[in-house]
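Below: one structure, written as structure tokens.
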Amino acid sequence: MEDFQSALSVQEGIEQPAQVNPYFKRKKATRRAMEVEDYVKGILAHDRVILSQAITLVESTNPEHFDKAQAVIEQCLPYSGNSIRVGITGVPGVGKSTFIESFGTYLTGLGHKVAVLAIDPSSERSKGSILGDKTRMESLSIDPNAFIRPTPSGLTLGGVARKTRETTILCEAGGFDVILIETVGVGQSETIVKSMVDFFLLLMLAGAGDELQGIKRGIMEMADALVINKADGDNIGKATAAKAQYSSALKLFPPNENNWEPRVDTCSALNKNGIENVWQMIGEFADLTKGNGWFYKQRDEQLIKTFYDWVDFSIKNNFYSDNTIKNKISELTDLIKEKKISPYQAGYQLIKTKY
């Protein structure tokens, strides 16, 4: 029997040519690590690239970056506080991104410098965020007087609250005089954003079956103004009727401590109608509250709240990062699943382990 020969055979490869310069050595690119002074100098010089890098430093979860980030914030603090901070919320689909783009473009047209801090929800499964606000705000994202920075909410909104507050300080030191903070729009985020802004704007829809749902004390009491978006085309009549309903509902609430009466208006962010009325409303609010001192009182209270929030966050973080606590938790959770101890008794024992 003749020897079997496969149709497949291995050909010798082509010999690789020598380097053009056999003495050439590729050097690894190195970049000097930025110091605190570099960040601060760049931010005060309104360098947007360095501002972005400083925000990334603030958002870093690397413990080694924390001290440097806090030093940058501390040196920028004297140059902050000179803006009007506006929180914007609303249910998904209300048109927050379209409104912010139209509103921000209107403000830059007036000569303002606008920073948009958009909080993007993070996935519970992948832990990731889309961070797609720049793609939804195409015109504003290329405006030289605007700066858009999406921030992932993470799994705890308290974390993003700290980062957003610190980012606000950096943006103000960087020359932005209007800060727009867009919320996730899922309930708890509204309370957190309310605690870091001067004016809280609630966007509403008409004709979507939410007129009665919108009249709830929680969100309505927080809002300084309600703006019914998408008041265009066939929806104008519904928007006008919704405005009357919300205006009547607001009259049932007790007067605010700041003497401001929340207002209701309509707009079409798509057609850019009514946008100027919103800015005029915010200006009147600022004039009134600065005149009676409430504006500055609220900012002082927000700083104190930030202090307590940070203490709470630090205590919780330090508690759960303790190795003894981690081992005790593993032991107690097994007992809970075996129904040998109640969750409450387990929690009591865990606290006793630390204190």
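The values are calculated or read from the model by the stated rules, or taken from the named source; none is laboratory data. Everything quoted here is computed from the prediction, not taken from an experiment. Quick reminder, even Gly has a Cβ in these numbers, built from the backbone with ideal geometry, and neighbours come from all protein chains shown.
Residues Ser80, Ser52, Ser97: which one is in contact with a helix residue (DSSP H, G or I) (Cβ under 7 Å, 6 or more places away or on another chain) and either among the aromatic types (Phe, Trp, Tyr) or over 30 Å from Ser268 (Cα atoms) (or both)?
Details: Ser52 fails: in contact with a helix residue (DSSP H, G or I) (Cβ under 7 Å, 6 or more places away or on another chain); Ser97 fails: either among the aromatic types (Phe, Trp, Tyr) or over 30 Å from Ser268 (Cα atoms) (or both).
Result: Ser80 is the single residue among Ser80, Ser52, Ser97 that is in contact with a helix residue (DSSP H, G or I) (Cβ under 7 Å, 6 or more places away or on another chain) and either among the aromatic types (Phe, Trp, Tyr) or over 30 Å from Ser268 (Cα atoms) (or both).
List the helices (runs of 4 or more DSSP H) inside segment 32-111, counting only whole elements, that have at least 1 residues being within 22 Å of Ala173 (Cα to Cα), outside the structural domain of Thr266 (by TED's automatic domain parsing) and at pLDDT 95 or above. Quick ask: steps written out before the conclusion?
Working: elements: 36-44, 48-59, 63-76, 96-109.
In segment 32-111, 36-44, 48-59, 63-76 are the helices (runs of 4 or more DSSP H) which contain 1 or more residues that are within 22 Å of Ala173 (Cα to Cα), outside the structural domain of Thr266 (by TED's automatic domain parsing) and at pLDDT 95 or above.
Would you tally the residues in segment 281-304 being farther than 14 Å from Trp260 by Cβ and free of Cβ contacts under 8 Å to residues at least 60 places away in the same chain?
Here is the first cut: in segment 281-304, the residues farther than 14 Å from Trp260 by Cβ are 296, 299-304.
Restricting the remaining residues to those that are free of Cβ contacts under 8 Å to residues at least 60 places away in the same chain gives 296, 300-301, 303-304.
Count: 5.
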task: Please name all residue pairs, on different chains or six or more residues apart, with Cβ atoms under 9 Å, provided the first residue is in segment 333-353 and is closer than 24 Å to Ile315 by Cβ and the second residue is surrounded by 12 or more Cβ atoms within 10 Å (Cβ to Cβ) and polar (S, T, N, Q).
output: Ala346/Thr333
message: I'd like the residue in segment 74-83 that is out of contact with any strand residue (DSSP E or B) (no Cβ under 6 Å at 6 or more places or on another chain) and touching a residue at least 60 places away in the same chain (Cβ under 8 Å) and, out of all such residues, is surrounded by the most Cβ atoms within 10 Å (Cβ to Cβ).
response: Cys76
query: When the residues of segment 229-256 are filtered to those that are surrounded by fewer than 18 Cβ atoms within 10 Å (Cβ to Cβ) and among the polar types (S, T, N, Q), which remaining residue is modelled with the highest pLDDT?
result: Thr240
task: Identify all residues within segment 312-355 that are out of contact with any helix residue (DSSP H, G or I) (no Cβ under 9 Å at 6 or more places or on another chain), among the basic types (Lys, Arg) and not in a helix (DSSP H, G or I); write none if there are none.
output: Lys339
message: Let me spell it out: the conditions are (1) part of a helix (DSSP H, G or I); (2) more than 23 Å from the chain's Cα centre (by Cα); (3) assigned by TED's automatic domain parsing to the domain that holds Gly104, and Ile282 meets all of them except one. Which number is the exception?
response: (2)
- prompt: Only one of (1) in contact (Cβ under 8 Å) with a residue 40 or more places away in the chain; (2) of a type in the set (Asp, Glu); (3) under 30 Å from Thr98 (Cα atoms) is not met by Asp309, so which one is it?
  reply: (3)
task: Select from segment 284-332 the residues that are among the β-branched types (Val, Ile, Thr) and surrounded by 14 or more Cβ atoms within 10 Å (Cβ to Cβ) and write down the one among them that is nearest to Lys354 (Cα to Cα).
output: Ile325
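Select from segment 226-270 the residues that are assigned to a loop (DSSP other than H, G, I, E, B) and hydrophobic (A, V, I, L, M, F, W, C) and write down the one among them that is nearest to Asn292 (Cα to Cα).
Going residue by residue through segment 226-270, those that are assigned to a loop (DSSP other than H, G, I, E, B) are 229-232, 251-262, 267, 269-270.
So of that shortlist, the ones also hydrophobic (A, V, I, L, M, F, W, C) come out as 231, 252-253, 260, 267, 269-270.
Working: Ala231: 34, Leu252: 24, Phe253: 21, Trp260: 11, Cys267: 29, Ala269: 32, Leu270: 36 Å.
The extreme case among them is Trp260.
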